[in-house]
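Visitor: Shown below is the structure under consideration.
No value in this document is a laboratory result; all are computed from the given coordinates. Predicted model, so just to flag it, every value in this text is computed and none were measured. Note that each Cβ is placed from the backbone with ideal geometry, even for glycine, and that neighbours are counted across all protein chains shown.
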Amino acid sequence: MIRSSIKGFESILASDIPKGSIVLITGAEGTLKSSLAFCLASSYVSDGEAHGLYATLEQGKESHMRNMSYLGIKESGNLHVFDYRDIFIEWQDAEPDMLKVTEEVIASYKEKYKDLRVFVLDSLNALYTLSSGDGDLRKSMYYFFSRLRDLGLTSFLVVETPPLQGDSEHDKAEYFLADGVIELGTLESAGNISRYIQVRKMRATKHDIGKHKLVIGQDGLSILGSMY
Amino acid sequence: MERLEENLECSTDFDEEEYRAILDRIIRANRDVVVLSIVEETPMCGIDLIKEIFFRYGVYLSQGLVYPILYTLEEDGALKARATKGNMRVKEYFVTQEGKEVVHKKKGAFIKALEDVLIFVKGDARDKE
């Protein structure tokens, strides 16, 4: 259950995110995108039967896991972390197409763990940067999204957005293609800065579109009430 | 490619294109056994493994097919990584004590499966003669 993975998430989502959905987790730096994605995926596979894959293009595995531990986010042995660092170091002259590599990585894990149900990509921005310039990237992304759906994977794709973005950011193709968009950000009020979570879009799931306070407690992330 | 060419020179009683296609399918489908067997012989990093497989069999396995094998075998405890002598940033993988049993069993199953197919295929071929 995704909606019970974080305390308070049930007050935003009336039902669970449908299996096989592709959800973007967007926000500026430091808004806990990676932490939220890891938390959702880890919780999803914590029953011990299903498996998940967390592909990190930005942060090394050790550093990422240290951060999760620091934030009190529990890890599940069934959530496998794929760190691209070795490929970057060893293949720096060859510049492999990371979109293709990512598809193969998913296929390899699916082959090994038949019950692979959740996939996290951290981040889509890095994947764009490292994908080969051959052909139309929009088209490639369309097919990438289709393949994720075909595999039945519930996918969370981390997208870093500029801090002062407008709605124009949401004109991008991936926002139309995705089944859901969860936005994370910060709000300043009377000198206090608070983090928020907002479910902007979630197909086939009744949801509250308001901004809710997101806090880090001793047991990881929690969602408090509406910010208005 | 020399080793593959040597294999091809030994026998000419088959279609080379067909041979390469079959070899490609075998290597791809059983890349965990191939990776473990090579690393058991000589510890190496991902890029060297990919080169070695190409050198031995003429089959190019891309990064997305080889690194997940290394990482999942490491998670299972069959492989361990250590920094290479020449470059501390590059990790080479070696078979652990626990992994030796895994290699032995995987190789055994692989050989048995191929032998079972070969017994039938060779026997069938002889019958036709």
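Visitor: What's the average, rounded to a whole number, of partner chain beta-carbon atoms within 10 Å of each residue's beta-carbon in A:108-117?
Guide: For peptide A:108-117, the averaged partner shielding equals 3.
Visitor: Tell me the trypsin sites (Lys or Arg not before Pro) within the range B:41-104 that lie in a loop according to DSSP and have at most 15 other beta-carbon atoms within 10 Å.
Guide: B:Lys85, B:Arg89
Visitor: Hey, another quick one. Quickly estimate the mean residue ellipticity at 222 nm for chain A, helices only: each DSSP H run with n ≥ 4 gives -39500 (n - 2.57), and the total goes over all residues, rounded to 500.
Guide: -9000 deg cm²/dmol
Visitor: Next question. Using all C-alpha to C-alpha distances in the range B:13-129, build P(r) with 5 Å bins and read off the rounded percent in each one.
Guide: Per 5 Å bin, starting at 0, the Cα pair percentages come out as 2, 10, 18, 20, 18, 12, 8, 6, 3, 1, 1, 0.
Visitor: Scan the range A:18-70 for trypsin sites (Lys or Arg not before Pro) in coil per DSSP, keeping those whose Cβ has at most 12 other Cβ atoms within 10 Å, and list them by number.
Guide: Sparse-neighbourhood loop trypsin sites (Lys or Arg not before Pro): A:Lys19.
Visitor: Now a separate question. Once you average over the residues of B:45-54, how many Cβ atoms of partner chains fall within 10 Å of each Cβ?
Guide: Per residue, the average neighbour count from other chains is 2.
Visitor: Taking the Cβ of A:Ile22 as the centre, find all other residues whose Cβ is under 13 Å away and add up their charges (Lys, Arg: +1; Asp, Glu: -1).
Guide: +2
Visitor: Once you list every other residue whose beta carbon is under 11 Å from the beta carbon of A:Met227, what net charge do they have if Lys and Arg are +1 and Asp and Glu are -1?
Guide: +3
Visitor: A follow-up question, please. Compute and list, largest first, the equivalent-ellipsoid semi-axes of chain A from the alpha carbon gyration tensor, each √(5λ) rounded to a whole angstrom.
Guide: 27, 20, 18
Visitor: B:Asp13 to A:Lys61: FRET efficiency via 1/(1 + (r/R0)^6), r the Cβ-Cβ distance, R0 35 Å, to the nearest 0.05?
Guide: Approximately 0.10, to the nearest 0.05.
Visitor: I've got another one for you. I'd like the per residue volume of the convex hull spanned by the Cα atoms of the range B:27-86, given in cubic angstrom.
Guide: Value for the range B:27-86: 83 Å³ per residue.
Visitor: Now, a different point. Rounded, prolate or oblate: which one fits the range A:87-157, using the alpha carbon gyration tensor with axes a ≥ b ≥ c (rounded when a/c is under 1.5, else prolate when a/b beats b/c, else oblate)?
Guide: Taking the square roots of the gyration eigenvalues as a ≥ b ≥ c, the range A:87-157 is oblate.
Visitor: Summing Lys, Arg as +1 and Asp, Glu as -1, what charge do residues with Cβ under 14 Å from the Cβ of A:Ser43 carry, A:Ser43 excluded?
Guide: -2
Visitor: Give me the extension gain from A:Ala28 to A:Thr129: residue separation times 0.36 nm, minus the current Cα-Cα distance, reported in nm with one decimal.
Guide: Computed gain between A:Ala28 and A:Thr129 is 34.6 nm.
Visitor: In the structure displayed, which of A:Lys33/A:Lys100; A:Lys61/A:Lys172; B:Lys91/B:Lys112; B:Lys51/B:Lys85 lie more than 27 Å apart, Cα to Cα?
Guide: Check vs 27 Å cut-off fails for A:Lys61/A:Lys172; B:Lys91/B:Lys112.
Visitor: Note the direction-averaged projected area, equal to a quarter of the hull surface, for the Cα convex hull of the range A:1-63, in nm².
Guide: 5.3 nm²
Visitor: Can I ask one more? Check each of the trypsin sites (Lys or Arg not before Pro) in the range A:190-228 and keep only those in coil by DSSP with at most 14 other C-beta atoms within 10 angstrom; list them in order.
Guide: When the trypsin sites (Lys or Arg not before Pro) of the range A:190-228 are filtered for loop state and at most 14 Cβ neighbours within 10 Å, A:Arg203, A:Lys206 remain.
Visitor: Would you mind checking the radius of gyration and Dmax of the range A:79-118 based on alpha-carbon positions, in Å?
Guide: 11.6, 35
Visitor: Separate question: Evaluate E = 1/(1 + (r/R0)^6) for B:Ala81 and A:Ile216, where r is the Cβ-Cβ distance and R0 equals 45 Å; express this FRET efficiency to the nearest 0.05.
Guide: With a Förster radius of 45 Å, E is 0.90.
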